[in-house]
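Before any comments, here is the structure.
The values are calculated or read from the model by the stated rules, or taken from the named source; none is laboratory data. Note that this is a predicted model, so its numbers are computed, not measured. Cβ placement follows ideal geometry from the backbone for every residue including glycine, while neighbour counts extend to all protein chains displayed. The accessibility values were calculated without ligands, DNA or RNA, using every heavy atom of the protein model including side chains. Shrake-Rupley method; radii C 1.70, N 1.55, O 1.52, S 1.80 Å.
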Amino acid sequence: METSLISPDNTWALWAFLTGWASVSIYLEQKYAWASKMSGAIIALVGAMLLANFNVIPLESGVYDAVWNYVVPLAIPLLLFQANIKKIWQESGRMLAIFLLSAIGTVTGTIVSFLVLKDVIPHLDKLGAMMAGSYTGGSVNLAAMASKFEAPGELVSALVVADNAMMALFFFVLMAIPAVAFFRKRYQTPHVEEVEAKTADDESETQAASFWQRKEISLKDIATSVATAFVLVSISFHLADFFAGVIPDGADSNIFFQVLSGIIGDRYLVLTTMTVLIVVAFPNYFDNIRGTQEIGTFLIYLFFVVIGVPASLALVVTTAPLLLVFTLIIVIFNLLFSLVLGKLFKFNLEEVVLASNANLGGPTTAAAMAIAKGWNKLIVPILLVGTLGYIIGNYIGTGLGMWFQTLI
């Protein structure tokens, strides 16, 4: 078994890499035009993927788990503190519609991929259920479906690797689409144009540098924002765990309790909802806190570094090349359905790519993309709608999995 230059238990070195590479990515994005077009998020992701594949950093570590378990939850409320939620329901209504249309692409792609490959990939009924769930709401659903259908461990591991590799490439494509002239000519792009308008007066700076200009911030701002985020995460997670424990959610419970448990027993949904409600209830408090977007965005960059790490292309090629094809078919159908139906129903390009991102990667990656692009008005809607994918995805995965079992 190959070992990496930095061992998985070298905690300080790995934290130095995560924070250092995130900082380099931000610097490059704000310094050079080519990096700004590529986006710091993609630089962070691709750089980590290359270093992991060349065995400089490990593919797995407790440090990466800490980013998922602590950094990402803290980033979510920080990024919602300054969000404009006055038009939240109007914006979320549009986002929900394109999200559901995009999910049709996932379902269609999963069915086509299953029918094409069911005779050459073992246990594809179980893997199909996993990917149908995952590509409607994120990796949380993948784990749930793997447990529900008792998929073989070695196939689950191979599928996760293929999924991570595909997502790394897919995020690159989604980040690039809004800058492609072909799509700009055929879709409305109000959020892209708003960001460009803000940065048009200073052509010596990149868009990222102009958007993230230096702002006044005090020690009190840092203390208040970080402490408030910790309090909200703590309360939200404890509430979600409590409800998940008292509401029946097993096979014997009816669909009402299953849905209820999925809504108020989900940590991220409770965290998002509570943060939005608190910001609505105390607008003056949050309006007076500065620096929350900057702190939250840096934490999201750590997340982008981490999601690039497990994408071991060599392992996919040598152990499960067909699984890469399996996931690729689903991704292509999702993106095509999102673009075609989005155009047909006159959705903005930004809404289309974020909805596709929320389906395949989950609300966190979609929100991170909105942040990286400067589409601030879409951060809250895509978080709320994307989080609902956790629930929808489990039902889609379960339904397709049970149907696939009759076709094996």
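Points to keep in mind about this one:
- Restricting attention to segment 227-263, the residues being touching a Lys or Arg at 6+ places or on another chain (Cβ under 8 Å) and either at pLDDT 90 or above or not in a helix (DSSP H, G or I) (or both) number 2.
- Of all the residues in segment 274-307, those that are among the polar types (S, T, N, Q), surrounded by fewer than 19 Cβ atoms within 10 Å (Cβ to Cβ) and in a helix (DSSP H, G or I) number 1.
- Residue list for segment 304-336, restricted to those being closer than 19 Å to V156 by Cβ, among the polar types (S, T, N, Q) and either touching a Cys at 6+ places or on another chain (Cβ under 8 Å) or at pLDDT 90 or above (or both): T327
- Cβ-Cβ contacts under 9 Å between residues 6 or more apart (or on different chains), taken from a first residue in segment 323-345 that is within 18 Å of A132 (Cβ to Cβ) to a second residue that is of a type in the set (G, A, S) and not in a helix (DSSP H, G or I), are listed as F326/A320.
- Note on segment 144-166: residues that are acidic (D, E) and not in a helix (DSSP H, G or I) amount to 1.
- Residues of segment 108-123 classified as under 17 Å from L324 (Cβ atoms) and surrounded by fewer than 24 Cβ atoms within 10 Å (Cβ to Cβ), total: 8
- Entry remark, segment 3-29: residues being assigned to a loop (DSSP other than H, G, I, E, B), touching a residue at least 12 places away in the same chain (Cβ under 8 Å) and not hydroxyl-bearing (S, T, Y) number 4 in total.
- You will find that of G93, G137, the residue that is under 30 Å from L232 (Cβ atoms), modelled with pLDDT under 90 and open to solvent by 10 Å² or more (accessible area, probe 1.4 Å) is G93 and no other.
- Hey, A358 in contact with a Gly (Cβ under 7 Å, 6 or more places away or on another chain) and modelled with pLDDT under 95 or not: yes
- Segment 333-351, residues that are over 21 Å from G109 (Cα atoms) and surrounded by fewer than 14 Cβ atoms within 10 Å (Cβ to Cβ): K346
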